[in-house]
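Input: a single structure, listed below in structure tokens.
The values are calculated or read from the model by the stated rules, or taken from the named source; none is laboratory data. Quick caveat, the model's predicted, so the values are computed rather than measured. Because the Cβ atoms are built from the backbone with ideal geometry, glycine has one as well, and the counts that use them run over all protein chains shown.
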Amino acid sequence: MLNKALALLICFFILIIPAFSQTEKDGLVKWLTFKEAQEKNKLLQKPFLVDIYTDWCGWCKHMMKTTYSNPNIASYINANFYPVKFDAETKDTVEYNGKTYKPTSREPKTPHELAIKFLGNSLSYPSTMFITNNFEYNLLTQGFLEDKKIEPVLVFMVENAWRTAPFDEFNKHFTHAFTDTAFVKGKINIYNVKELEGLQKKKPKKVLINVGTSFCNTCRVMSKTSFVDTSIANYLNKNFYFVNFDAESSDTVLFKNIKYYKQLVNNYPLHNLALKLTSNKFSLPALCILDEKLDPVDVLNFYQSPEQLKPILYFIGSNTYKTKPWAEFIKEYSMHPVNLNKK
């Protein structure tokens, strides 16, 4: 699951740390203070993972011995987050996001002001706060997180799924994609870019191009759940040509009489057709919607759940986008959802 799907990504940045290189107390994660994390974030932005613990919390210690001692989990955290270990009852003054927080009392076992800010009245431990690099979005999880429970949260934050979906929705589909073998799937017809011009001459349709990579976890979640949702698969087969395109492909591709190929973009090998299709606003994943003339209609950046994708596909596929603003359409759709199986 996370171990295999992320191996290609994390191997460029880190080496797995031997189990004996860290103490049992800290696991294998390279913990920072808030000051260190925020200073590093000024130079290279990453999300924050804040382990909120107390010295007397048994489950906090167990999480260090298990979850944070898993080499793959720890390596992923070290490569993609600024991990902060925060004692909820510390007597130190802490500066966080431009504000100063102090202990509420010098007495033992009393919560720090920052712990109260993060946890409110629910002062339970361990708690884990995930924070975007610009402090725009926070996700709080409470209680012990085993490997399988922390994996979707890590991916949700690192791959920017938080921008487009609530966590509970993403978590449900993540589970379907990686562990639920009984999940019912529809069958979708898949084409390649080279076929598109010929297909349009025979039977014009709109095109949905799914741009992804092998190491992208949210790409896999979409492929395993969003596109094969029965109603979406049926609607796509009828109204779109669906294409999977690997952004790391080494193939030279002819598209609208122009050749595209892999090149270095910011020292990263990327197929320049991915940039063309996304109007140079490349993300992982990206869904590029083209009209019957293969001209761009829209680009959907980041993860798209089945719930999000259905109204968008109908909005474009039914040509409603030509006559009605999205805000007006989605307001009507929210009151009367369209059954794609009947369209």
Q) Which members of the range 105-124 meet the condition of being under 14 Å from VAL94 (Cβ atoms) and among the charged types (D, E, K, R)? A) GLU113, LYS117
Q: Exactly one condition in (1) crowded, with 17+ Cβ neighbours inside 10 Å; (2) out of contact with any Asp or Glu (no Cβ under 7 Å at 6 or more places or on another chain); (3) under 21 Å from ILE316 (Cβ atoms) is not met by THR230; state its number.
A: (1)
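Conditions (1) without any contact (Cβ under 8 Å) to a residue 24 or more places away in the chain; (2) among the polar types (S, T, N, Q), marked per residue:
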site: HIS176; (1), (2): no, no
site: VAL184; (1), (2): no, no
site: GLN200; (1), (2): no, yes
site: PRO204; (1), (2): no, no
site: ASN210; (1), (2): no, yes
site: ASN217; (1), (2): no, yes
site: PHE242; (1), (2): no, no
site: PHE245; (1), (2): no, no
site: ASN257; (1), (2): yes, yes
Q) So ASN80 fits all but one of (1) in contact (Cβ under 8 Å) with a residue 60 or more places away in the chain; (2) over 21 Å from GLU36 (Cβ atoms); (3) surrounded by fewer than 23 Cβ atoms within 10 Å (Cβ to Cβ); what number is the exception? A) (2)
Q. Mind checking whether some residue in the range 311-323 is in a loop (DSSP other than H, G, I, E, B), exposed (fewer than 14 other Cβ atoms within 10 Å of the Cβ) and either among the basic types (Lys, Arg) or out of contact with any His (no Cβ under 6 Å at 6 or more places or on another chain) (or both)?
A. yes
Q: Report yes if some residue within the range 295-302 is more than 26 Å from PHE156 (Cα to Cα) and touching a residue at least 12 places away in the same chain (Cβ under 8 Å); otherwise report no.
A: yes
**Q.** Yes/no for LEU290 being touching a Lys or Arg at 6+ places or on another chain (Cβ under 8 Å) and more than 21 Å from TYR321 (Cβ to Cβ)
**A.** no
**Q.** Residue selected from the range 161-217 under the condition in the same structural domain as PHE255 (by TED's automatic domain parsing), assigned to a helix (DSSP H, G or I) and of a type in the set (S, T, N, Q), by the criterion farthest from the chain's Cα centre (by Cα)
**A.** GLN200
Q | Filter result for ASP55 (within 21 Å of the chain's Cα centre (by Cα), closer than 25 Å to ILE116 by Cα and either assigned by TED's automatic domain parsing to the domain that holds ILE150 or in a loop (DSSP other than H, G, I, E, B) (or both)) | A | no
Q) Is it true that some residue in the range 182-197 is farther than 30 Å from SER279 by Cα and acidic (Asp, Glu)? A) no
**Q.** Cβ-Cβ under 6 Å pairs, at least 6 apart or on other chains, the range 118-136 side in the same structural domain as ALA88 (by TED's automatic domain parsing) and in contact (Cβ under 8 Å) with a residue 12 or more places away in the chain, far side among the polar types (S, T, N, Q) and surrounded by fewer than 22 Cβ atoms within 10 Å (Cβ to Cβ)
**A.** SER124/GLN142; TYR125/THR54; SER127/GLN142; THR128/THR141; ILE131/ASN138; ASN133/ASN41; ASN133/GLN45; PHE135/ASN97
Q. Would the range 293-311 turn up any residue that is touching a helix residue (DSSP H, G or I) at 6+ places or on another chain (Cβ under 6 Å), more than 30 Å from LYS259 (Cα to Cα), of a type outside the set (A, V, I, L, M) and at pLDDT below 95?
A. no
